[in-house]
Amino acid sequence: MESEKFENLLNLALNATEREREKSLNLGVGYEPEEERWELIVKYSGNIMRLSQENPQIRVEELSNEYAILNVPESAMDLVAGAVEVEYVEKPKRMYFAVREGKQASCITPLQDAHYNLSGKGVIVAILDSGIDYSHPDFCNVDGSTRILALYDETLNREFTSEEINQALKAESEQERFRIVPSRDTSGHGTHVAGIAAGNGRASGGVNRGVAYESPLLVVKLGTADPNGFPRTTQLMRGLDYVVNKSLELQMPMAVNISFGNSYGSHSGTALLETYINDMSNYWKTLISVGTGNEGAARGHTSGILQQGKEQEIELGVGSYETALSLQIWKSYVDEYDILLVHPSGKSIGPIRQIQGPQRFVVGRTEILLYYGEPSPYNLYQEMYIDFLPAQSYIDDGVWRVVLVPERIVRGNYDLWLPGQTVLNQGTGFLYPVEETTLTIPSTAEKVVSVAAYDARYNQLAEFSGRGFTRQTNQVKPDLAAPGVAIRSAAPGGGYAVRSGTSMATPFVTGSAALLMQWGIVEGNDPYLYDAVIIGLS
């Protein structure tokens, strides 16, 4: 079934076959094939619980500000579409780490010295990431007790209190410790990020001290239901809802760190994830920092302006052994043009005309699944989504060409995005990429501090760092840049490691926000120093 309330990608996924969902990078995200159920993001008004009352198989998880996460049998999707309470529905997207010396370069040291003596005391630093090594000395006080107020592990669906963590820290063996609090950071990403934002440097005698080194921590280990170990946007929304409501309960201001992102969407800041984050930034005394990702030099974006009467050819290189590939084309709805898709062998498909519903083609050893989208209440731009799927093991490599054939052009501007470099082979990318608008979602959200990375050794922007502006709305993004190359911070096991990426730049900003909020809110110099005020300062 299709519905105007469903985003384009969800409509296509519902029309796709089981095999197409399995092969695609995007279509199967949020689908549970064994149970034939979908996880959905919903914006609603009224009583959303009526859905579960009408059909007990529909599970409803209410979030703040009339957002909800639904778990719905595929056979009941028509009930969701027909519910008057439901305004708009999106499927989850998979998110990826933004991974690729900094306090002095960021001018943090003067704030920590005797003149200002800022340490983050009284301001929560919340880390939404891969978890934390809670036994690392940098996250413990001098007496050995934990600095973590609470640790919510989505993979275990359980909150661990500071009392439980302290009990685990007193255990005589590692086995006993993890029996009490069995949450682990297997990738080390979250531990590294937390160390930059708020580590106290105890394991290094203060040498590797983080920014807000006396801030109490709230940690969410995001769920990783997918086999590749990366969380979905729904899990990020759950985590943000948890930390914002927890800080409100504790009546403490909070700086939130998000070092995840993805490339799917119009990059205009209007998807449900972005609008939800905007809403949550208005809750309580909160500041949210998000990394712009590492797609700046990844050859995953190109753009241009189409002119009446002139075809535009876009060349896409596909590397060997690519198992799947998706391509988004975003344009103004008032522009009309067809698409011609040319295989590396020279065989062509099209012109592919704008018709409703999915269109399927086969060329060489590659199956093509295409969907023309319609604008939505939350997105005024039109998407053409193309999935390249292997007929056997791999899609055909070589140079593919996408030809845009104009029929009626009013504005003419277009953008194309590939999935993030994390899931693509090295040889895959546009032959003539454009670095602008390579920031990842949700750093495109209006009311967050979007953080790029620079190399403090050479005082220049890191080549990998995602760039702005946002598409069409042209909001200035990123808001600022912080050190993100060769950053040493905490690693699981009690030691330290060096990593690069906007993942590492973002916690510098998160920790800095905590210092500002300490000076303004905790110490009474500016009780409104959060959210829009800090964004304005950036």
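The values are calculated or read from the model by the stated rules, or taken from the named source; none is laboratory data. Since we're looking at a predicted model, the values are computed, not measured. So basically every Cβ, Gly included, is an ideal-geometry build from the backbone, and we count neighbours across all protein chains shown. In case anyone asks, the SASA skips ligands and DNA or RNA and just uses the protein heavy atoms, side chains included. Shrake-Rupley method; radii C 1.70, N 1.55, O 1.52, S 1.80 Å.
Structure values in brief
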read-out	value
Cα→Cβ-extended label distance, 7 Å offset, between GLU18 and GLU436, nm	4.7
FRET efficiency for GLU315 and GLU172, using Cβ-Cβ distance with R0 set to 51 Å, rounded to 0.05	0.25
Label-point separation, ASN47 to SER393 (7 Å along Cα→Cβ), nm	5.7
Derived scalar couplings ³J(HN,Hα) [the stretch 26-32; Karplus, 6.51 cos²θ - 1.76 cosθ + 1.60; whole Hz; x for Gly, Pro]	10, 5, x, 5, x, 9, 10
Placed amide H near VAL256: partners under 5 Å, 5+ positions off or other chain	ALA126, LEU287, ILE288, SER289
Net charge of Cβ neighbours under 14 Å - reference ASN47; Lys, Arg +1; Asp, Glu -1	-4
Selected from MET95, GLY501, TYR152, residue furthest toward positive end of dipole (the chain; charges at beta carbon)	GLY501
Estimated [θ] at 222 nm from DSSP helical runs (n ≥ 4, -39500 (n - 2.57)) normalised by residues in the chain, nearest 500	-5500 deg cm²/dmol
Residue-by-residue Karplus 3J(HN,Hα) for the stretch 206-216, coefficients 6.51, -1.76, 1.60, Hz, glycine and proline x	x, 5, 9, 5, x, 7, 9, 6, 10, 6, x
Stretch gain in nm, segment LEU250-SER145, where the contour uses 0.36 nm per residue and the Cα spacing is subtracted	35.9 nm
Counted charge near ASN200, where neighbours are those whose Cβ lies closer than 12 Å (Asp, Glu -1; Lys, Arg +1)	+2
Vicinal HN-Hα couplings computed from phi for the stretch 181-191 (Karplus, 6.51 cos²θ - 1.76 cosθ + 1.60; Hz; Gly/Pro x)	10, x, 7, 10, 9, 6, 8, x, 5, x, 4
Per residue value of the accessible surface for the stretch 150-309 (all protein chains in place, 1.4 Å probe), Å²	34
Unsatisfied cross-links (Cα-Cα over 27 Å) in the set LYS93/LYS221; LYS93/LYS347; LYS5/LYS447; LYS91/LYS447; LYS310/LYS331; LYS93/LYS447	LYS93/LYS347
Positive-end residue, the stretch 268-325 charge dipole about Cα centroid, Cβ charges, pick of ASN282, GLY309, GLY319	ASN282
Cleavage-rule hits, chymotrypsin sites (Phe, Trp or Tyr not before Pro), the stretch 415-480, DSSP coil, Cβ neighbours within 10 Å at most 10	TYR458
Cα-projected label distance for GLN307 with GLN460, points at 7 Å along beta-carbon direction, nm	3.3
Net charge over other residues, Cβ less than 9 angstrom from the Cβ of TYR371 (K, R count +1; D, E count -1)	-2
Rg to Rh quotient for the chain, alpha carbon positions, Kirkwood Rh	0.98
Sulfur and carbon atoms: percent of accessible area, the chain [1.4 Å]	47
Modelled label reach - LEU79, point 7 Å along Cα→Cβ, the stretch 35-73 residues with backbone N closer than 14 Å	37-38, 48-61, 70-73
Cβ charges +1 (Lys, Arg) and -1 (Asp, Glu), total dipole of the chain, debye	1080
Dipole magnitude (debye, nearest 20) for the stretch 352-408, charges at Cβ of Lys, Arg, Asp, Glu	160
Amide H partners (placed H, <5 Å) of ILE148, local residues excluded	LEU217
